[in-house]
Amino acid sequence: MKQAEYFYFEPYDGLKNKEIKEDYFEERVYEYGGQPLPKGYLESEDSNEYDKNAIKVLLTNLEGEKIHIGYVPKELCLEIRSLKEKYETYVAPTLEKGKYKMALYDEFGEEKVKTYTDEYEIKLSLSFWETLPESLKNII
C-alpha cells in the first residue's frame, strides 16, 4: 500500500524531526497510524472446529480481493451475529501502531528523535444500518 501510494496522509502527520522535538516530546508519532484501509468484511464461519459462532474478518487488497486476517473475539460473536441478521454491516478498518518516531533525551542529555517499531494492529469500526447508504456500498 505504501508503494502504491494508497495512504491519504503524509507519514508522521507531515511533521519534521524539529517539530516532533518541540511539540511531541516523549510522545509516539506514527508513520501511518490511523490511516484508513480498504473495506473490511465479516463472514460467519459455522464450520469452524473451535467455535461454531466464529466470525472471520476479511480485508480487501488493492485489487479488490478479500484476504482473511483474523477472527472477531469469541465474546463478541453472538452479539455481532445477532446484529448482522437484523442489519446491513459496514466494516471500516484502520492501520494502527507500527513504525514511529519519538523525541527523547540521549545519554548526553541532548534531545534526539529516534525511530522505533510497535507491532502493527488493525482497528475495526463496525456500524449497522437498516439500509446501507449507496455511498458505502461502492467503497472497495
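The values are calculated or read from the model by the stated rules, or taken from the named source; none is laboratory data. If you're wondering where the values come from, they're calculated on a predicted model, not measured in any experiment. Reconstructed Cβ throughout: ideal geometry from the backbone, glycine too, with neighbour counts over all protein chains shown. Just so you know, the surface numbers come from the protein's heavy atoms only, side chains and all, with ligands and any DNA or RNA stripped out. Shrake-Rupley method; radii C 1.70, N 1.55, O 1.52, S 1.80 Å.
Per this entry, LYS56 is not counted among residues that are surrounded by fewer than 11 Cβ atoms within 10 Å (Cβ to Cβ), within 22 Å of LYS137 (Cβ to Cβ) and at pLDDT 95 or above.
Output the residue which, of all residues in the range 111-138 that are within 18 Å of TYR6 (Cα to Cα) and touching a Pro at 6+ places or on another chain (Cβ under 8 Å), is least open to solvent (accessible area, probe 1.4 Å). Break it down stepwise before answering.
Within the range 111-138, the first condition is being within 18 Å of TYR6 (Cα to Cα), and the residues that meet it are 120-123, 138.
Pick out the ones that are also touching a Pro at 6+ places or on another chain (Cβ under 8 Å) and you get 122-123.
Details: ILE122: 74, LYS123: 114 Å².
It comes out as ILE122.
The numbered conditions (1) open to solvent by 80 Å² or more (accessible area, probe 1.4 Å); (2) free of Cβ contacts under 8 Å to residues at least 12 places away in the same chain; (3) more than 18 Å from the chain's Cα centre (by Cα) are all true for GLU5 except (3).
Being within 16 Å of the chain's Cα centre (by Cα) and either more than 30 Å from TYR8 (Cα to Cα) or open to solvent by less than 40 Å² (accessible area, probe 1.4 Å) (or both), is that true of even one residue in the range 98-110? Give the derivation first.
Filtering the range 98-110 down to residues within 16 Å of the chain's Cα centre (by Cα) leaves 98-100.
Those left that are additionally either more than 30 Å from TYR8 (Cα to Cα) or open to solvent by less than 40 Å² (accessible area, probe 1.4 Å) (or both): 98, 100.
The answer is yes; a qualifying residue exists.
Taking the range 72-92 as the range and being open to solvent by 70 Å² or more (accessible area, probe 1.4 Å) and more than 22 Å from SER135 (Cβ to Cβ) as the test, the residues that pass are LYS74, GLU75, LEU76, LEU78, GLU79, GLU85. Whether any residue in the range 63-71 is closer than 20 Å to LYS137 by Cβ and surrounded by 14 or more Cβ atoms within 10 Å (Cβ to Cβ) is what I want to check. So far as the range 63-71 goes, yes, one or more of its residues are closer than 20 Å to LYS137 by Cβ and surrounded by 14 or more Cβ atoms within 10 Å (Cβ to Cβ).
Looking at the range 40-71, which of the residues that are part of a strand (DSSP E or B) and touching a residue at least 60 places away in the same chain (Cβ under 8 Å) is farthest from TYR120 (Cα to Cα)? Before you say what the answer is, go through the steps one by one.
First, pick out the residues of the range 40-71 that are part of a strand (DSSP E or B): 40-44, 55-60, 66-71.
Within this subset, residues satisfying the condition of being touching a residue at least 60 places away in the same chain (Cβ under 8 Å) are 40, 42, 57, 59-60.
Working: GLY40: 17, LEU42: 20, VAL57: 16, LEU59: 15, THR60: 17 Å.
Per the criteria, the residue is LEU42.
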